[in-house]
Amino acid sequence: MSKGEETKAKIIRQAAELFNQQGYAGSSISDIMRVTGLQKGGIYNHFQSKDDLALQAFDFAIASVSQHTRTALRSKRHAIERLLAIIGVFSSFVDNPPIKGGCPILNTAIESDDAHPALRERTQQAMNSWRELIHLIIEKGISRGEIRAGLDADEAATIIIATLEGAMMMSKLYDDAIHMQRAINHLNQYINSQRNS
């Protein structure tokens, strides 16, 4: 990796954490300069605009989250264990997030709702990938006889994601992981109840 590529990667990593903690709108170019230790020209030497940096930083944040998920799923074959592994990975983000500030999908979805269409589209793509992963695991689990037939995969994906994201928000708001623990306990029971016995 060249010096320029190293600098760009460093900017992306540091900006990802800044945006995830302060939000895109709440982070000025001065904030980016402060966390990177670079002048404006040093930043814009690598990015066309703050928007360009925001999109690349978001992609970096999502890749970091995805890597944790892939690692957790690597040794799991049974659909129920794969779903429980996804839930377990997400629950660890309260105390040990891959990117400081919590879930980048949740944080960016709330902020980019109307204000930043390109970032909103990127956030929807990330959420679609997560939903599709859960949907695929459930569909394969049904076809293999691991999950009871009749479970609506789209409905289950919504329940799992909404519960996890809501628990993340509450845990951050109250600075108390009990909300995530309660959600995890509920989801573990829900997932295990779908086991084809």
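The values are calculated or read from the model by the stated rules, or taken from the named source; none is laboratory data. Predicted, not measured: the structure shown is a model, and the values here were computed from it. All Cβ positions, glycine included, derive from the backbone under ideal geometry; neighbour counts span all protein chains shown. The accessibility values were calculated without ligands, DNA or RNA, using every heavy atom of the protein model including side chains. Shrake-Rupley method; radii C 1.70, N 1.55, O 1.52, S 1.80 Å.
Residue check: is Ser27 under 29 Å from Asp175 (Cα atoms), touching a helix residue (DSSP H, G or I) at 6+ places or on another chain (Cβ under 9 Å) and surrounded by fewer than 17 Cβ atoms within 10 Å (Cβ to Cβ)? Criteria not met by Ser27. Of all residues in the stretch 101-118, those satisfying the criterion of being in a helix (DSSP H, G or I) and open to solvent by 10 Å² or more (accessible area, probe 1.4 Å) are Ile105, Leu106, Asn107, Thr108, Ala109, Ile110, Glu111, Asp113, Asp114, Ala115, Pro117, Ala118. Considering only residues in the stretch 164-185 that are aliphatic (A, V, I, L, M) and open to solvent by 40 Å² or more (accessible area, probe 1.4 Å), the one that is nearest to Ile105 (Cα to Cα) turns out to be Met169.
Which of the residues that make up the stretch 145-163 are within 21 Å of Gly88 (Cβ to Cβ), open to solvent by 50 Å² or more (accessible area, probe 1.4 Å) and of a type outside the set (A, V, I, L, M, F, W, C)?
Within the stretch 145-163, just Thr158 meets the criteria.
The set of residues in the stretch 78-134 being of a type in the set (Gly, Ala, Ser) and closer than 22 Å to Asn188 by Cβ consists of Ala79, Ala85, Gly88, Ser91, Ser92, Gly102.
For the stretch 133-156, the tally of residues that are touching a residue at least 24 places away in the same chain (Cβ under 8 Å) and closer than 18 Å to Thr69 by Cβ stands at 7.
Sub-7 Å Cβ pairs linking a first residue in the stretch 62-84 that is more than 17 Å from Gly141 (Cβ to Cβ) and touching a residue at least 24 places away in the same chain (Cβ under 8 Å) to a second residue that is part of a helix (DSSP H, G or I) and not aliphatic (A, V, I, L, M), at least 6 apart or interchain, are Ile62/Pro104; Val65/Pro104, ordered by first then second residue. Apart from one condition, Pro98 fits all of (1) crowded, with 18+ Cβ neighbours inside 10 Å; (2) in contact (Cβ under 8 Å) with a residue 40 or more places away in the chain; (3) not in a helix (DSSP H, G or I); the exception is (2). Here Tyr190 clears all of (1) crowded, with 16+ Cβ neighbours inside 10 Å; (2) in contact (Cβ under 8 Å) with a residue 24 or more places away in the chain; (3) not aliphatic (A, V, I, L, M) except the condition numbered (1). Among the conditions (1) more than 25 Å from Ser193 (Cα to Cα); (2) within 15 Å of the chain's Cα centre (by Cα); (3) of a type in the set (Phe, Trp, Tyr), the only one that Phe90 does not satisfy is (1). Scanning the stretch 19-55 for residues being outside any helix (DSSP H, G or I), of a type in the set (S, T, N, Q) and either more than 19 Å from Ile110 (Cβ to Cβ) or touching a residue at least 24 places away in the same chain (Cβ under 8 Å) (or both) gives a total of 5. Condition first: over 24 Å from Ala177 (Cα atoms) and crowded, with 17+ Cβ neighbours inside 10 Å. Now tell me which residues in the stretch 64-79 satisfy that. The one that is over 24 Å from Ala177 (Cα atoms) and crowded, with 17+ Cβ neighbours inside 10 Å: Ala79.
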